[in-house]
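The values are calculated or read from the model by the stated rules, or taken from the named source; none is laboratory data. This one's a predicted model, so the numbers in the text were calculated from it and none came from an experiment. Cβ placement follows ideal geometry from the backbone for every residue including glycine, while neighbour counts extend to all protein chains displayed. Calculation scope for accessible area: heavy atoms of the full protein, side chains included, ligands and nucleic acids excluded. Shrake-Rupley method; radii C 1.70, N 1.55, O 1.52, S 1.80 Å.
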Amino acid sequence: MPEGDTVYRTARQQHDALAGRVLTASDFRVPEFATVDLAGETVREVVSRGKHLLHRVGEWTVHSHLKMEGAWRIFRRGERWTRPAFQARAVLTADDTQSVGFELGVLEVLPTAEEERVVGHLGPDLLGADWDAAEAARRIASDPGVPVFTALLDQRNLAGIGNVYANELCFVRGLLPTRPMSEVDDVSALVSLAQRMLMANRGRWTRTTTGDLRPGRRTWVYGRTGQPCLRCGTPLEGGELGRVPGEERVVSWCPRCQR
């Protein structure tokens with residue numbers, strides 16, 4: 001599932017292509033919103049909220065979530081799409097520009113004034129202008145018995161962390177993913193590191209948490225189960241923790257560096 005930094009870049013790309021432009025056509029290929037027509041409305045902005053995308057068009061918001069397979073892509077009108085047409089769930093056209101949402105896990109159109117109904121449950125946005133580190137720390141520590149890995153993935157605590165960052169944060173802070181939040185010594189430092197990691201990657205498509213962009217060295221533990229730890233050389237272990245339908249909850253850790 002795309003994480004907060006990927007969704008942030010997608011929003012920026014969509015905003016740059018559409019903001020300030022009048023839609024000449026819209027096509028929502030889901031039954032509930034198939035009759036919605038936003039032609040003639042001006043795209044005010046496109047923003048991210050954690051892993052959610054909000055296309056604000058006139059007084060309306062096109063709310064989407066990419067889930068596991070979704071993507072928004074920009075094309076010139078008449079250009080061949082990079083995915084099959086049957087995967088398209090939304091098409092927003094502004095003269096010669098088309099924005100196409102493919103295989104969106106969530107797609108709905110609602111009044112902008114009602115956005116809180118779909119994103120109001122989210123915790124502080126790690127990449128948001130209103131980021132509140134103290135509130136994020138309070139939320140993530142609010143259930144002492146929850147494993148740190150699970151607490152990091154709970155979007156009600158912090159909005160934007162996915163499987164990659166949850167694994168990497170546990171490694172860098174020296175925490176076993178199963179350690180309960182009650183045994184995390186410095187919650188504020190964990191939250192601060194999470195925000196710094198996402199901020200460092202929000203401007204590039206090739207993510208790294210190690211500072212090394214070479215293949216195989218971009219992450220400390222994520223996707224590296226069985227390989228040597230980049231810090232101590234111990235083979236990394238892995239498994240699953242808290243399986244959720246439609247979400248990856250694969251954990252990897254170093255049995256020496258994480259206690």
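For ARG89, nonlocal amide neighbours, meaning residues 5 or more places apart or on other chains whose placed amide H falls under 5 Å from its own, are GLY101, PHE102, GLU103, LEU104.
Helices in the chain that qualify as membrane-span-like (whole DSSP H runs, Cα extent of at least 15 Å along the helix axis, mean Kyte-Doolittle hydropathy of -1.0 or higher) are 187-201.
Here the chain is treated with +1 on each Lys and Arg Cβ and -1 on each Asp and Glu Cβ, and its dipole about the Cα centre works out to around 1120 debye. Here segment 110-186 is treated with +1 on each Lys and Arg Cβ and -1 on each Asp and Glu Cβ, and its dipole about the Cα centre works out to around 240 debye. Around the Cα centre of segment 147-259, unit charges on the Cβ atoms of Lys, Arg, Asp and Glu (plus for the first two, minus for the last two) sum to a dipole of about 420 debye. Averaging the sequence gap over all C-alpha pairs within less than 8 Å and six or more residues apart, then dividing by the number of residues, gives segment 4-96 a relative contact order of 32 percent. Based on C-alpha pairs under 8 angstrom that are at least 6 apart in sequence, the chain has a relative contact order of 17 percent.
Please give the per residue volume of the convex hull enclosing the alpha carbon atoms of segment 15-55, rounded to a whole number of Å³.
Values: hull volume 3.4 nm³, N = 41.
Value for segment 15-55: 83 Å³ per residue.
On a per residue basis, segment 23-155 carries 46 Å² of accessible surface, using protein heavy atoms and a 1.4 Å probe. Rounded to the nearest 0.05, the FRET efficiency derived from the C-beta distance between SER182 and LEU213 at R0 = 51 Å is 0.90. Give the carbon-plus-sulfur fraction of the accessible surface of the chain in %, rounded to a whole number; probe 1.4 Å, heavy atoms of protein chains only. Percent of accessible area from carbon and sulfur atoms in the chain: 48.
Which residue, ILE74, PHE28, GLY233, has the largest displacement toward the positive end of the dipole of the chain when charges sit on each Cβ (Lys, Arg +1; Asp, Glu -1)? Checked the options; the winner is GLY233.
Can you give the FRET efficiency for TRP81 and GLN227, using 1/(1 + (r/R0)^6), R0 = 41 Å, r = Cβ-Cβ distance, to the nearest 0.05? Rounded to the nearest 0.05, the efficiency is 0.65.
Mind running the shape call on segment 45-106? Use the C-alpha gyration tensor, a ≥ b ≥ c as the square roots of the eigenvalues: rounded below 1.5 for a/c, prolate if a/b tops b/c, oblate otherwise.
It comes out oblate by the Cα gyration axes.
Taking GLN98, GLN227, GLN14 in turn, the Gaussian network model of the chain (Cα-Cα springs below 10 Å) assigns the largest fluctuation to GLN227.
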